[in-house]
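No lab work stands behind these numbers, since they all come straight from the coordinates. What you see is a predicted model; the values in this text were computed from it and never measured. Cβ atoms come from the backbone with ideal geometry, glycine included; neighbour counts cover every protein chain shown.
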Amino acid sequence: MSKSKTRLGNWQEEIAFEEDKKKLQKALQSTGGLLSQQILAKVQQHTVPCTLGQLGDVLQYGVPFLFQNTSNDGALAIDMDDRILGPLGWKVNCSTTPSREATLRSSWVVMPNPTGGATISDPVCYGNKVLICSVAELADPPVFLASEMKTPQSCSKFSKNQEVYFTPNTGIGSLWSFEYSNPEYRQDVEGQPINPTSPVVLKHVATNNFLATTNFHFTNDFGSENEICCARLQTFASKSRTAPERSENYWRIVGAI
């Protein structure tokens, strides 16, 4: 696969990320040992470049894209080896990465709800119940973005909001819908094809909460990354929930340039 030329957002963060990655790889190589070799191999496998799709005028099912948050320009990313076994199956950790490169760990496709009426050839529309799926080269079988109701036993690690993870299951917890960025017009555009050049919010169908990234940083095998969670982060309190969301709730759909 050819290397993606997608580079957006804060260049200083990207340069710092690349320096951290080089330092990490150098440290792993110098320390030796089986564990270090395994981590290095994992990083190399996860960061294989991925070719993004041409998005066109409407978002299509099955076309690889980056999902980039507007608050920190971080891209949704996964660590397939960072997982725990929960009551309903595996939970695979995810985050936002400052890397602007399209890699296997940060590239996604939208797939139709298996029990819905949409087909792979249809455009993705606002309000459709969909799956956010890993690319085929990363995981077989694939994994899907998921969440569940917040409880004392299940919440995001740092912000204590609703937990978000990836899972091989395609049940109700893995269903999402793209919503129009302006809450005043969401109902008006529901059912219309999504324009991939416009920011969106991603709503978790089962809990009605929105995908978000936070300012909480943590270090994993890929460097310093940001927490992912589900929460409605509105600019001001609104009983009708029509207040605009904060930038942490808004996402860009980024395809090939």
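Taking the average, over residues, of other Cβ atoms within 10 Å as the packing measure, peptides 188-195, 208-215, 138-145 rank 208-215, 138-145, 188-195 from highest down. Less than 5 angstrom separates the built amide H of GLU148 from those of GLU163, all sequence-distant by 5 or more or on a different chain.
Sequence-ordered 3J(HN,Hα) estimates for the range 84-100 from the Karplus curve with 6.51, -1.76 and 1.60 and θ = phi - 60° stand at 10, 9, x, x, 9, x, 5, 10, 9, 6, 9, 6, 10, 9, x, 5, 9 Hz, glycine and proline given as x.
Reducing the range 177-229 and the range 97-168 to their Cα centroids gives an inter-centroid distance of 11 Å. Between the listed residues ASN182, ALA102, ILE228, the Cα displaced farthest toward the positive end of the dipole of the chain, a dipole computed from Cβ unit charges relative to the Cα centre, is found at ILE228. In this structure, the amide hydrogen of GLY86, modeled 1.01 Å from its nitrogen in the peptide plane, lies closer than 5 angstrom to those of LYS91, counting only residues at least 5 positions away or on a different chain. Kirkwood hydrodynamic radius of the range 152-257, from the reciprocal of the average inverse Cα-Cα distance over all distinct pairs: 15.2 Å. Computed from Cα positions, the angle between helix 11-31 and the longest principal axis of the chain comes to roughly 40 degrees. Using R0 = 30 Å, the C-beta based FRET efficiency linking GLN187 and LEU85 works out to 0.15.
The charge dipole of the range 11-254, taken about its Cα centre with unit charges on the Cβ atoms of Lys, Arg (+1), Asp and Glu (-1) only, comes to about 520 debye. With contacts taken as Cα pairs under 8 Å at a separation of at least 6 residues, the chain carries a relative contact order of 22 percent. Relative to the longest principal axis of the Cα atoms of the chain, the long axis of helix 34-46 lies at roughly 40 degrees. Think of it as helices only: each DSSP H run of n ≥ 4 in the chain is worth -39500 (n - 2.57), and spread over all residues that comes to -4500 deg cm²/dmol at 222 nm. One chain, two ends: PHE216 and VAL58. Fully extended at 0.36 nm per residue, the span grows by 53.6 nm beyond their Cα-Cα distance.
Under 5 Å between amide hydrogens, built in the peptide plane, is the criterion, and for PHE216 it picks out GLU227 among residues at least 5 positions away or on other chains. Among the listed pairs LYS42/LYS160; LYS42/LYS150; LYS129/LYS203; LYS91/LYS160, a Cα-Cα separation exceeding 21 Å is found for LYS42/LYS160; LYS42/LYS150. Counting other Cβ atoms within 10 Å as a rough exposure proxy, the listed residues SER174, SER134, SER198 run SER198, SER134, SER174 from fewest neighbours to most. If you work out semi-axes √(5λ) of the Cα gyration tensor in Å from the coordinates, which of (i) 26, 20, 17; (ii) 29, 20, 19; (iii) 32, 19, 17 do you get? After the calculation, the listed value that fits is (ii).
3J(HN,Hα) couplings calculated from phi for the range 219-228 with the Karplus curve 6.51 cos²θ - 1.76 cosθ + 1.60 (θ = phi - 60°) are, in sequence order, 9, 10, 5, 9, x, 8, 9, 10, 5, 10 Hz; Gly and Pro show x.
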